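Input: a single structure, listed below in structure tokens.
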Amino acid sequence: MRKIIIGNWKMNGDKRLIDEFAPLLSTSSYDCVMCPPFTLIDVARSNFPASVFVGAQDCSMFDNGAHTGEISCKQIFDVGGTHVIIGHNERRANNGDSDEVVAQKVKCAIRNKLIPIVCIGESKEEYDCGKTIEIVKKQISSLLQGEGIDVAKFFIAYEPIWAIGTGRTPTVSEVDEIHGHIYKFCGIYPVYGGSITYENHKDFLNLNSVTGLLIGGTSLNSKDFSKILSCLD
Ligand code: PEP
């Protein structure tokens, strides 16, 4: 199975960035999912090569209705979105996405034909206290509770909170060990995310326990991101 490279533009980018990326995404040794802000999903789908999947960075936990400002999974699907990042730490920390809300959003996404990319990971304090395994186990068990959750239908992204946008990463062997535990808990190896750059990406991607990479900051750099996709040295 091909590994997957997921780009998360966060609240960055505009139509010009789509134009800049479009010609650079046609050669890829990996499956690629680009997740721009909602407003750019449609234009990304129209301009990116068909081989590139386009995804959203969040979704509503409701199918439709009186939820002003929310975007539904059906609406994401309608404009060509195939994947959706759920439970990114920036949403857990700033928008009230608890483990329960994350589980509801995952069910809603699967119900509406989207592939969820569910983010889990520990804080710096939890890492320092050696609680990483306990935290990811709790996040996964809350995810797997209830009906309609089939791990074969989504990706898990292990993103230590302290590694997101900080330039710091766990060591390669720490990631390998944690991914091994995640496999034991749910039967799938996760994607790794947190301060991936062109320079360090191969160290993590080469691990058998790494299904792919979730890339934030570096996914806004068209040159580095396309070099990662095309395996150029
Ligand atoms: C992210 O936003 O999911 C992320 C991993 O960001 P960065 O690559 O910038 O650390």
**Asked** What does the helix-only formula give at 222 nm for the chain: each DSSP H stretch with n ≥ 4 adding -39500 (n - 2.57), the total divided by the residues, and the result rounded to the nearest 500 deg cm²/dmol?
**Response** -10000 deg cm²/dmol
**Message:** I need the trypsin sites (Lys or Arg not before Pro) found in the stretch 162-233, filtered to DSSP loop residues with at most 14 other beta carbons within 10 Å of theirs.
**Reply:** 168
**Item:** the stretch 35-102, accessible surface, carbon-and-sulfur percent (1.4 angstrom probe)
**Value:** 52 percent
**Message:** Under 10 Å, Cα contacts only: if you run a Gaussian network model on the chain, which one of 172, 136, 191 comes out with the highest mean-square fluctuation?
**Reply:** 172
**Prompt:** Within straight cross-link reach of residue 3, meaning Cα distance under 17 Å, which lysines are found once same-chain residues fewer than 8 apart are removed?
**Reply:** 153, 202, 227
**Asked** If you project the alpha carbons of the stretch 68-127 onto their three principal axes, what span does each projection cover, largest first, in Å?
**Response** 41, 24, 18
**Message:** Computing the accessible area with a 1.4 Å probe over protein heavy atoms, can you report the carbon and sulfur percentage for the stretch 142-233?
**Reply:** 50 percent
**Message:** For residue 63, what accessible surface area do you get with a 1.4 Å probe? Give it in Å², rounded to 10.
**Reply:** 50 Å²
**Request:** Go through 68, 82, 27 and list them by solvent-accessible area, largest first, probe radius 1.4 Å.
**Result:** 68, 27, 82
**Asked** Rolling a 1.4 angstrom probe over the protein heavy atoms, how many square angstrom per residue are accessible across the stretch 141-187?
**Response** 49 Å²
**Values of log10 I(q)/I(0), in the order q = 0.11, 0.16, 0.17, 0.24 Å⁻¹, for the stretch 153-233 under a Debye, Cα-only, solvent-free model** = -0.27, -0.56, -0.64, -1.17
**Sparse-neighbour loop sites [trypsin sites (Lys or Arg not before Pro); the stretch 1-90; at most 15 other C-beta within 10 Å; DSSP]** = 2, 3
**Request:** Rank these by accessible area, largest first, 1.4 Å probe: 83, 181.
**Result:** 181, 83
**Complete:** Measure of exposure for residue 185: accessible area at 1.4 Å probe, Å² rounded to 10, is 60 Å²
**Message:** Report the Rg/Rh value for the stretch 20-163, based on alpha-carbon coordinates and the Kirkwood definition of Rh.
**Reply:** 0.99
**Request:** Could you list the chymotrypsin sites (Phe, Trp or Tyr not before Pro) in the stretch 30-112 that lie in coil according to DSSP, counting only those with at most 14 other Cβ atoms within 10 Å of their Cβ?
**Result:** 62
**Asked** Where Rh denotes the Kirkwood radius from the mean inverse Cα pair distance, what is Rg over Rh for the stretch 191-231?
**Response** 0.93
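The values are calculated or read from the model by the stated rules, or taken from the named source; none is laboratory data. None of the values given here were measured: they were computed from a predicted structure. All Cβ positions, even for glycine, are placed from backbone atoms using ideal geometry, and neighbour counts span all protein chains on display. Ligands, DNA and RNA are stripped out before the accessible areas are found, and what is left, the full protein with its side chains, is counted by its heavy atoms. Shrake-Rupley method; radii C 1.70, N 1.55, O 1.52, S 1.80 Å.
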